[in-house]
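Notes follow once the structure below has been shown.
What follows draws every value from the coordinates through simple rules; no lab data is involved. None of the values given here were measured: they were computed from a predicted structure. In this analysis, Cβ positions are derived from the backbone assuming ideal geometry, glycine residues included, and neighbour counts consider all displayed protein chains.
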Amino acid sequence: MRLPNILLTGTPGVGKTTLGKELASRTGLKYVNVGDLAQEGQLYDGFDEEYVCPILDEDRVVDELENKMKEGGVIVDYHGCDFFPERWFHIVFVLQTDNSVLYTRLEKRGYSIKKLQDNVQCEIFQILYEEAMASYKPEIVHRLPSNVPEELESNLDQIIKWIEEWIKDNNS
Ligand code: DAT
């Protein structure tokens with residue numbers, strides 16, 4: 001059976017992991033957190049002194065994921081999207097959170113003031129939405145609000161319906 005690949009993107013803290021894991025558990029699709037994958041495989045290329053974090057080796061991440069993506073049925077979660085091959089994804093969701101809500105979530109993570117401000121600014125300027133619109137066909141890019149649990153539920157419902165339709169359309 002053919003299954004779609006789904007990209008969940010957005011600023012850190014908007015709820016990609018929460019949505020992605022729940023979606024995987026309700027649909028049986030595979031969930032891949034690119035941050036975790038990079039850490040497990042040490043897929044890094046240097047260290048960013050300003051942000052005090054390792055720099056992702058994008059080529060190795062793509063190589064690592066290629067076979068899995070070919071099989072289909074993968075939910076990818078990452079706060080960036082311009083380095084994945086465009087052909088990988090059948091649909092792209094950009095999660096969005098109000099600034100004050102996002103600020104509180106990131107504060108709870110213990111982010112430094114600089115990291116907090118940078119991420120909230122990234123959200124205000126819709127950087128990830130712009131990146132997604134520039135990297136994929138605009139008609140497959142959708143924004144989802146991600147502030148409260150009710151929105152999580154309605155996002156799940158919408159995506160599950162879309163998956164069911166996609167499976168019907170691509171397996172007959
Ligand atoms: P990300 O993977 O984008 O960094 P996350 O899934 O770890 O984000 O979520 C960050 C925090 O926000 C976490 O404590 C769960 C919470 N959260 C996520 N989606 C939410 C929603 N729709 N309503 C309320 N809280 C949410």
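Compute the label zone of Ser25 within the stretch 128-172: residues whose backbone N is under 13 Å from the point 7 Å along Cα-to-Cβ. Of the residues in the stretch 128-172, none has backbone N under 13 Å from the label point off Ser25. Considering only C-alpha atoms, what is the centroid distance from the stretch 110-163 to the stretch 31-50, in Å? Spelled out, the Cα-based centre of one part sits 21 Å from the other. Cross-linked pairs Lys68/Lys114; Lys30/Lys114; Lys115/Lys137; Lys70/Lys161; Lys16/Lys168; Lys16/Lys108: Cα-Cα separations exceed 28 Å for Lys68/Lys114; Lys30/Lys114; Lys115/Lys137.
Taking GluC sites (Glu not before Pro) across the stretch 34-68, the ones in a DSSP loop with at most 15 further Cβ atoms lying within 10 angstrom of their Cβ are Glu49, Glu50. How much FRET efficiency would the formula 1/(1 + (r/R0)^6) give for Glu150 and Gln117, where r is the Cβ-Cβ distance and R0 is 25 Å, rounded to 0.05? The computed FRET efficiency comes out at 0.30. When the charge dipole of the stretch 5-170 is built from unit charges on Cβ atoms (+1 for Lys and Arg, -1 for Asp and Glu) and taken about the Cα centre, the candidate among Gly73, Pro138, Leu156 whose Cα reaches farthest toward its positive end is Leu156.
The distance between label points at Glu49 and Lys168 comes to 5.8 nm (points 7 Å beyond Cα on the Cα→Cβ vector). Were the residues from Phe125 through Glu58 laid out at 0.36 nm apart, the gain over their Cα-Cα distance would be 21.7 nm.
Exposure proxy ranking for Thr11, Thr17, based on other Cβ atoms within 10 angstrom of each Cβ and starting from the fewest, stands as Thr17, Thr11. In this structure the amide hydrogen of Ile75, modeled in the peptide plane, comes within under 5 Å of the amide hydrogens of Ile6, Lys30, Tyr31, Val32, none closer than 5 places in sequence on its chain. If you take the square roots of the eigenvalues of the alpha-carbon gyration tensor of the chain and sort them as a ≥ b ≥ c, do you get rounded (a/c under 1.5), prolate (a/b over b/c) or oblate? The shape class here is oblate.
When peptides 1-9, 122-130, 106-114 are sorted by average Cβ neighbour count within 10 Å, with the highest value leading, the order is 1-9, 122-130, 106-114.
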